[in-house]
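Heads up: the structure comes next, in C-alpha cells.
Only the coordinates and a few stated rules stand behind these numbers; no lab work does. Just so you know, these numbers come straight off a predicted model, no measurement behind them. Please note: Cβ atoms are built from the backbone with ideal geometry, for glycine as well, and neighbour counts cover all protein chains shown.
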Amino acid sequence: MSSTNATELERTLLRSGDDIYRLALLLCGDEAGAAQALIKAIRRLATSGAAPDQPALIAALLQALPPERRRWRLRRPPAWARSRAVPAGRAALLAALAALPRAQRFALGLTMLRSFESAEDAALLGDENRGGPGAAGESGLANGSERAGADQTRAVVRDALLALAPIAIPTISPAALDSAGAPEDCRLTRAAIALNDPAIHNDATIRGHLALCSACRAAEHAWQSLSIAVEEALRGALRDTRLPPALVDQLQAAIQPAPAAAGWALLSSPRARIALVALPYRLFGVAARRGAASTHWQRPSPGAGPRAARSCPARA
Ligand SMILES: [Zn+2]
C-alpha cells in the first residue's frame, strides 16, 4: 500500500474506528473475535489497493469474519449485551438481538448505528448474504438493481424487527404487524409500512389510504414504536464502546507497509549491519510518533441520542 493510501486508511480509522468496532462486536459477539476480524480486515484493505474509505473497510470486515456458527447462539449473550449499564427491561431484548442471524444483526447495525444510504447497505448486505469474498463495488446489487437491493435490506430489517417484537414490546398487537393477513384494501399500505418503504411518504395512493384508514395508521405507529425500541436498545448498549487503545496500536501497525523481506543472509553485508545499529533509534522514533498519534484517538464521544429510524410526518 502506498503511504498516501496508508494515511487515508488511518484517517478512515480515526473517523469511523469506533463505529466499525461496534459493528464488529455486533457481528462477532465477543471482543477477541471482533479484534481479530478488524485486524484481518485492515491488513486485507491495506494490501488490496481498494479505496481506503468506510464502505471498503466494512466490506473488508465482512470478508474477514469467520463462518457463522449457530452453536454460539445458544450460549449466554456476549459482553456488550449484558453490560451492567443495561436496564433490566432491555437485557432480554439485547440477548434476543445478539442471537439473531448475522445478516439480520448486520442490517440492524448499519441501519441503526449509522446513517448509511440504503443502496450502500444493500451492496454490503449482498456480500454478507453471499458469505464469500467480493468487494462492495463488485456486488451485482451495487451495480444493477439498487432498488431491489434497498428493498432486500429493508426486508432483512423488517424480519429482524418481527422476530424481536414480542420481546421489545410484549403488548404489541401481532395483527398490527401482519401485513399479509391485513384486509385486501390495506395490504399494499401495510407491506410498505413493514418495509419502511419511502412510498409511505411518496406514493399518493398509500398516503391517501393512510389518511382514511385508522387501522393502517395504528399499524404504522406499532412499527415505529418497535423500531424505536430496538434502536434505543442497540444504540444504548454500544454507545460507550470505543476501540480499545491496544487494538488501535495493532490496527495502525497493520496499516503500515510490510518491511522489505530481509533474509538472514543480508546480515553478512556491512551495510545491513550498519542499518541494524541504527534500528533501536528508528524504533524509538516510531514509538514516539505512535504515542503522539494515539492521543488523537481519545476523542470525546459523538453526542448520540437515539435517532428515529422511522420518521413520522404530520398528515392532514
Ligand atoms: Zn388500511
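Size descriptors for region 200-255: radius of gyration and Dmax over Cα atoms are 21.1, 60 Å.
Could you give the length gained on full extension between S48 and R235, defined as 0.36 nm per residue of separation minus the Cα-Cα distance, in nm? Write out the running numbers ahead of the final one.
Numbers: separation 187, 0.36 × 187 = 67.32 nm, distance 3.18 nm.
So the chain would gain 64.1 nm between S48 and R235.
Applying 1/(1 + (r/R0)^6) with R0 = 45 Å to the Cβ-Cβ distance of A79 and R15 gives a FRET efficiency near 0.95.
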